[in-house]
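Below you'll find the structure, written out as C-alpha cells, and then a few comments.
Computed from the coordinates by the stated procedures, all read-outs in this text should not be read as laboratory data. Fair warning: this is a prediction, and the values are worked out from it, not measured in the lab. Every residue, glycine as well, gets a Cβ built from its backbone with ideal geometry; the counts of neighbours run over all protein chains shown.
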C-alpha cells in the first residue's frame, strides 16, 4: 500500500494566515475567473507558496474543486505549492541572457547563497529560481527580484547584491 | 446539409458534423485515443489526423467540423507516418510490460502499435517510473501507463461532476493525478469507476481485472438492479461467474455507472447471499418457500390490523425496485391496509 | 539610416502616465475621430493594410470585422501583453513609454466592434509595467477617455488589467483566454475563433500591444498616411527587439522592410569586442536561425519567409562566432520542453525528445539515424501540433540543420563551433 498523504503532510500555515486566506478567497466566491488574481494575493500573505491547507481554504471559499486550484498553481511558474523564501530571485535563463553568461551568474548566486537553483536558504530569506525570459534582454543577463529588474549582472556583483537585498529582511 | 468528399466518396452531412462522424458514417475507421462519445472533443492526442485539401497542416478529425465542399483524405503516406510517430512518442514514456498488464487485449495503444507496425520506439523514456497508487479498494492507477488523453479527467469533471481528477504541472512534466499528491483513498473520490471504464490503456484498471483476460469472458447485457434509474451494463462472465462489470451505452446512463453498479457484484457468488425467504421457527431462521412466506406475512399484517388498527403498520419499500413497483406498494399500503405510513429508502 | 519613430514618437518626451500630456502632442485624436464615425473604423483599418504585430501577421482590419459582424449582447477587446517570446521586449517599451497609445487603441477597437469592455493581459514578469498601466488607466478615466459616456459620445469603454502568472503559452490567444477565465492556459481547439466565440464564449478581438498601439495613428491620419512607411504587403513601422551579442541591445523602431544589416549596424552598433557575427535568430525563440550571410534580408513578412528567416514579433538575437550553436539550440529546446502546455502529444513529448537529440549532437554521441529522426519529428510537429507553440518550436533546429549542416555530424567529437 502506498504511503498516505496524511503521513507526510508538511503544511505549516498559521491560523492567522488561513483566516486572511479565507477573507481574500471569499471575494471570489462562485467567480472562478478570479482564481489567478486571488492566488497572487493569497501567495503574497502565505509565504510565497500555496500549500495544501491554504489551497483547501481557497477551494472552500471560492467553491472550486481542489483539483482545479492545484492544476492552476502547478501550471504557472509564478505559483508554487512548495514553501519559498521571503525574497525570490528569478534569474533569467532564456537564450538572450544565456548568450551573455547566465551560467556564471547562476553559479555566483549558488555559491553566495549556499543553495542550488530551486532551493531556499535555511534562514528562509531567499529562494533561488531560474526562469524564462523576463523581457529585460536590453540589460542581459538579468534577474527579477521582488518586482525589480537587476540587469547587466556580473558574477562579481552578485555577492554585493545579495547582501544589500538581505538587509532589513528578517530571517 | 453540407456536401463533403471523403476519400473520393461524396457525402451529405448536417451542419456541425465532425470529420470523424462523417467517416464513421461511411465506415471509414479512424484511430482515436482521446476522443470518446459524450466527452467534449479535445483534439489533444493527434491520432485522428486527416488531410483537408487546401489546408497545409494535418487536421484532427474528432474536433474539426465539416464545411461545404470540404475534401478529406483519411490515409496516405504522410498521415500514416504522422500517426506512427505519435505512437512512438507515447510508447517512449509508456511502461510496456504488457505481459503483466491487465489491459492486455484491450489496450488501444497496443492495438494501434500493431496496426501501424511500431515494434519499438526510437525515442527515449524521459519520465522514469512513478509509483502506482493502489490505495483505492476497487482500482489501481499506474501513471507509467498514462498517455494523457484526459478521458478520465473529462469524465470525472464533465460527466460525473465529482471533480477529483485533474491535470498537474505543464510541459513534459504534465501528469494526470490528484491534488497535492493525494492518494485516491484520501481524496473526495467516490469510486464510481468511470475513469477506469474510459481509460484506453492500463493506467486505470480494476483490481479484479488481473484475474481474467478480455478474450476469456462473455458479456451479458442487463439492467443494473441497484436502483430505479435503469443503467445498462455488461456483466463479464468467466467460467460461469461474474468477474467484472462494464457500463453500456443505455438511454439512462450513456456509458456511466456508479460505485454499486460498477463494483458491487461480489454478492452474487457470496456464501452469505440469501437465496430463499427465511422464517424464524422456534428461534431459528429456517428456509421456506415463497407461498409459505407470503402467507405468513399476510396473516401477520391482518392480525396486527385487527388488534391495533392499520396505523400500527408501516411499509418501507426498496429503491432497488422500479417506480411502478413502488407505486403499487404505496397503493397497497393506503388502499388495502389503510395507512399513510409508507416510505422508500431512496435518499440520495 | 536612423530610426523612424512613429509609435514611439512621444516616448521620453512626455510623462508616460499623463493623459493630458499625451493629448497635448496629438494623442486621443484617433479616438475622437472614431467616436464621430464608429462605422468607418473597420474599413479604415482594412484599407491601411495593418497586419498583426504579435507574430502571425494576420490582417488587423479583417480580424476586427469578424467581431464587428457577429451580433452579441457582449463583446470584448483583449490586449495580449503576455510578451513571452525570449528576446522580445518591445511591448514593454510601448507600455512603459506611451501607455496611452495602447489605451487609445483599445478604445478605438471597442468603438469599432461595439465592445464596452477590455482586458489587458499583462505577463507577471512585468510588475513594474503594471504600476504604470494602472496609473495611466486611472488618468484616462479621470479625463473622460475611458469609462461611461467617453468624451460625451454615449459610448462606454472600460479596461481592466489582468496579471498573468508566468506561462509562455498564454501568449497563444486561446490559451490566454482560458487563463483570463481562471484556468490552466491550454490552447483551445479552433474553430470557433475568438473573433466569433472568445472570452466566455463572446465575440472577442484579441490583439498584440503593438497592433493596438498602431490604431490611433491610422484612424487619426488615415490609411494613406500609414502606407507611406513600410512595404506594400506590410505597411507601417515595426519595433525590433535587439538582443544577444550586440553593442546596443534594446528596442528600435524602423519601417518594415528595413534590412537586418541596417538595424544591426545603425541601431545595434554591431558585435562588441571585435567579434564576428555568426548567426541571427530571427523572430524569437521559435524563429529561424540564419547565417550572417543573410544579413541583407529585409525585415518584412514575405522577404523573411523567402529567405528562410522568421519575421515573428520582430526579434533579432545576434550570435557572435564565440558561441556554440548547439549549446544555444539546447537552451531553446529546454525552454520549449518547459513551456509547452502539455495538452497535445507531439508538443508535450516531441519537444523533450528534440532536446535529447540536440544534446546528443552537442555531446558528440549522435548516431546514424538521429538526424533523420530529429528532422522527421520536427516536421511532424510543424505539421500537426494543436497550436502555434508546437508548430513553431522545431524552427530553430530545422533552420540550423538547413543553414549549418556541418554541426550535425554523428559520432563526431566536433562541439558545434563554426570557425
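Here is how the numbers come out for the structure above:
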| quantity | calculated |
| --- | --- |
| Globularity index of region A:5-75, i.e. its alpha-carbon radius of gyration over 2.2 N^0.38 Å | 1.00 |
| Exposure proxy order (Cβ contacts within 10 Å, fewest to most) of B:282, C:131 | B:282, C:131 |
| Spin-label proximity, residue C:410 to region B:110-126 - amide N less than 18 Å from point 7 Å beyond Cα toward beta carbon | B:120-124 |
| Rg over Rh [alpha-carbon atoms, Kirkwood Rh] for chain C | 0.99 |
| Average beta-carbon neighbours from other chains, 10 Å sphere, peptide B:44-52 | 3 |
| Rg/Rg_ref, region C:237-320, where Rg_ref = 2.2 N^0.38 Å and atoms are Cα | 0.93 |
| Gaussian network model of chain B, springs between alpha carbon atoms under 10 Å - residue of B:43, B:240, B:289 with greatest fluctuation | B:289 |
| Selected from A:27, A:83, A:100 as most flexible by GNM, with chain A as the system and alpha-carbon contacts under 10 Å | A:27 |
| Extension gain from residue B:78 to residue B:252, taking 0.36 nm per residue of separation minus the Cα-Cα distance | 58.5 nm |
| Estimated FRET transfer efficiency (residue B:344, residue B:207; beta-carbon r; R0 41 Å; 0.05) | 0.80 |
| Chain B - mean residue ellipticity at 222 nm from DSSP helices (-39,500 (n - 2.57) per run, n ≥ 4, rounded to 500) | -6000 deg cm²/dmol |
| Listed residues B:40, B:61, B:308, most fluctuating in chain B (Gaussian network, C-alpha, under 10 Å) | B:308 |
| A:52, B:270 arranged by Cβ crowding within 10 Å, fewest neighbours leading | B:270, A:52 |
| Global form of region C:176-251, assessed from the alpha-carbon gyration tensor, a/c cut-off 1.5 | oblate |
| Mean ellipticity per residue at 222 nm, deg cm²/dmol - from DSSP H runs of n ≥ 4 across chain A, formula -39500 (n - 2.57) | -12500 deg cm²/dmol |
| Rounded tilt (10° steps) of C:209-221 against the dominant C-alpha axis of chain C | 50 degrees |
| Between 0 and 90°, nearest 10: helix C:99-113 axis offset from chain C longest Cα axis | 70 degrees |
| Tensor-based shape of region C:325-414 (alpha-carbon gyration tensor, a/c under 1.5 rounded, otherwise prolate or oblate) | prolate |
| Cα-projected label distance for residue B:222 with residue C:321, points at 7 Å along beta-carbon direction, nm | 8.2 nm |
| Chain C - mean residue ellipticity at 222 nm from DSSP helices (-39,500 (n - 2.57) per run, n ≥ 4, rounded to 500) | -12000 deg cm²/dmol |
| Folded to 0 to 90 degrees: helix C:127-142 orientation relative to chain C principal axis, Cα | 20 degrees |
| Cα Rg over Rh - chain B, Kirkwood | 1.10 |
| Per-residue average of Cβ from other chains inside 10 Å of C:328-338 | 4 |
| FRET efficiency, residue A:44 to residue B:37 (Cβ-Cβ, R0 30 Å, nearest 0.05) | 0.10 |
| Region B:135-240: equivalent-ellipsoid semi-axes (sqrt of 5 x gyration tensor eigenvalues, Cα, Å) | 27, 17, 12 |
| For the protein assembly as shown, alpha-carbon Rg over 2.2 N^0.38 Å | 1.08 |
| Sequence of A:40, A:98, C:100 once ranked by neighbouring C-beta atoms within 10 Å, starting from the fewest | A:40, A:98, C:100 |
| Fraction of antiparallel bridges per DSSP, the protein assembly as shown only, in percent to nearest 5 | 65 percent |
| Number of partner chain Cβ atoms within 10 Å, mean per residue of C:91-99 | 1 |
